[in-house]
Structures are given as C-alpha cells and as structure tokens.
Amino acid sequence: MFLQKNFRRICEKGFPGITASSIRIKLITDIDIKKDDFGYVGIEDVIYYVLRCGLVHNCLVDSKIQFTNYTRIGNSDKKFFYLPKTLILGLIDVARSALDGIQIGT
C-alpha cells in the first residue's frame, strides 16, 4: 500500500522522465514473482517482492535484476529485468519523507 500510495513521488526521482501512478510490464525474465493472467507484473510488486523481500529475507537482490545508469524498465530478453539506479533515490526520498512525518500520498 505504501508503494502504491507514493508511486508518483517515487517516479519523480526513481524513473526520470516518467510520471505514472502505476507501471505494468510483460514479464519474460524468470524472476520469482507472481504474474497476472496475461503475464504482466506491477513495478510496485517488483520493488516489494523482488527488491525488498530479497534484501530482508536473503540479504541479496535476484541476480537477474540489473540496475542501469539510464531509465530502462523491464525486460527485453529472458536474461535480465532492468531498473534504473535512480529508483533507489526515489525510494529513499519517500522513506525519508515518511520518517520526517511529512504527509505523503493522497
């Protein structure tokens, strides 16, 4: 819920040039995440289940996740799922604001 409520703000720094309330990607890379009936995943789910859960429960991020220096989101091949490195800045910004007690999300 936190990611969904604050996704636009995460996009401001995390996905430069993209403003969205949600992003869904057709998943062709073999990462451990539930897809919908059409094979799509939400970026919020990738952030939560692949990044957050991987770090909290296993102290690592799936090796098929590749962070890039530019705004590339998703997978163009079965080998990797790409996310921009700036995503981390977007997540830090939202978390910092929440910790500072600033009202975020609507």
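Derivation of every value follows stated rules applied to the coordinates shown; laboratory data play no part. The shown structure was predicted, so the numbers you read here are calculated from the model rather than taken from an experiment. Methodologically, a virtual Cβ is constructed for each residue, glycine included, from the backbone with ideal geometry; neighbour enumeration extends over all protein chains shown.
Only Lys, Arg, Asp and Glu carry charge here, each on its Cβ (+1 for the first two, -1 for the last two); on that basis the chain has a dipole of about 180 debye about its Cα centre. Sorting 91, 83, 55, 99 by the number of Cβ atoms found within 10 Å of their own Cβ, with the fewest placed first, yields 99, 55, 91, 83.
Evaluated on the stretch 2-99, the Kirkwood hydrodynamic radius is 13.6 Å, with distances taken between all distinct Cα atoms.
Here the residues 81, 15, 67, 38, ranked from fewest to most Cβ neighbours within 10 Å of their Cβ, fall in the order 38, 67, 15, 81.
Peptides 19-27, 46-54 ranked from most to least packed by the mean count of surrounding Cβ atoms within 10 Å: 46-54, 19-27. For 86, 68, the sequence from fewest to most other C-beta atoms within 10 Å is 68, 86.
In straight-distance terms, cross-link reach from residue 64 covers every one of the lysines whose alpha-carbon lies under 24 Å from its own, apart from those fewer than eight places away in the same chain; here that gives 13, 26, 34, 35, 78, 79, 85. For the stretch 52-106, the share of alpha carbon pairs falling in successive 5 Å distance bins from zero is 4, 17, 17, 21, 18, 13, 6, 2, 0 percent.
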